[in-house]
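Since the structure comes first, as structure tokens, the remarks are kept for the end.
What follows draws every value from the coordinates through simple rules; no lab data is involved. All values reported here derive from a predicted model rather than from experimental measurement. Quick reminder, even Gly has a Cβ in these numbers, built from the backbone with ideal geometry, and neighbours come from all protein chains shown.
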Amino acid sequence: MVGKIHILDELTVEPGNLAAVRQLMSEGYVEGAVERGMTLEQTWLTPPVELYDQPNTLVYLWSVPDAATWWAMRGAAGRDPSVGEFWAEMDALCVERQRRFLLDDPPIEEGR
């Protein structure tokens, strides 16, 4: 059985756009993500100070409790045109973005 799935969004933000990206994420995505079953677990900024002459990366860690919720979230996002519009608007503020899906992997046992 698949347990909690993590969704890791890495947004490499153009210099000067950090506040706009944070606002867009807060006002244009978080509520809908929660409605689709996602939980925002943590956010990070790297490097840990806003840069004005080169990009920063904002990292958002989301989770869903299981595979069924993940599939439901993916389906709901695919049917909602506002999700695509949000990411298009976000792309205009970022150098690049990447989304990864992560599942706990048990430690490797000796002799395996």
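Placing unit charges on the Cβ atoms of the charged side chains and taking the dipole of the chain about its Cα centre, the candidate lying farthest along the positive direction among MET38, SER26, VAL59 is MET38. Using 0.36 nm per residue and subtracting the Cα-Cα separation, the extra length available between ASP80 and THR43 on full extension is 10.9 nm.
Ranking of ASP80, ASP104 by neighbouring Cβ atoms within 10 Å, starting from the fewest: ASP104, ASP80.
Against the chain, whose longest principal axis comes from its Cα atoms, helix 81-91 is set at around 60 degrees. Amide H contacts of GLU41: LEU61, TRP62, SER63, each under 5 Å away and 5 or more positions distant or on a separate chain (H built 1.01 Å from N in the peptide plane; Pro and chain starts excluded). Over the chain, the ratio between the Cα radius of gyration and 2.2 N^0.38 Å evaluates to 1.19. Most tightly packed first, judged by the mean number of other beta-carbon atoms within 10 Å of their residues, the peptides 90-102, 30-42, 5-17 read 5-17, 30-42, 90-102.
Label separation (LEU61 vs GLU109): 2.7 nm, computed from points 7 Å beyond Cα along the C-beta direction. If only the Cβ of Lys and Arg carry +1 and only the Cβ of Asp and Glu carry -1, the dipole of segment 6-104 around its Cα centre is close to 260 debye. Per-residue 3J(HN,Hα) values for segment 15-25, derived from phi via the Karplus relation 6.51 cos²θ - 1.76 cosθ + 1.60 with θ = phi - 60°, read x, x, 9, 4, 4, 5, 5, 4, 5, 4, 4 Hz in sequence order (x marks Gly and Pro).
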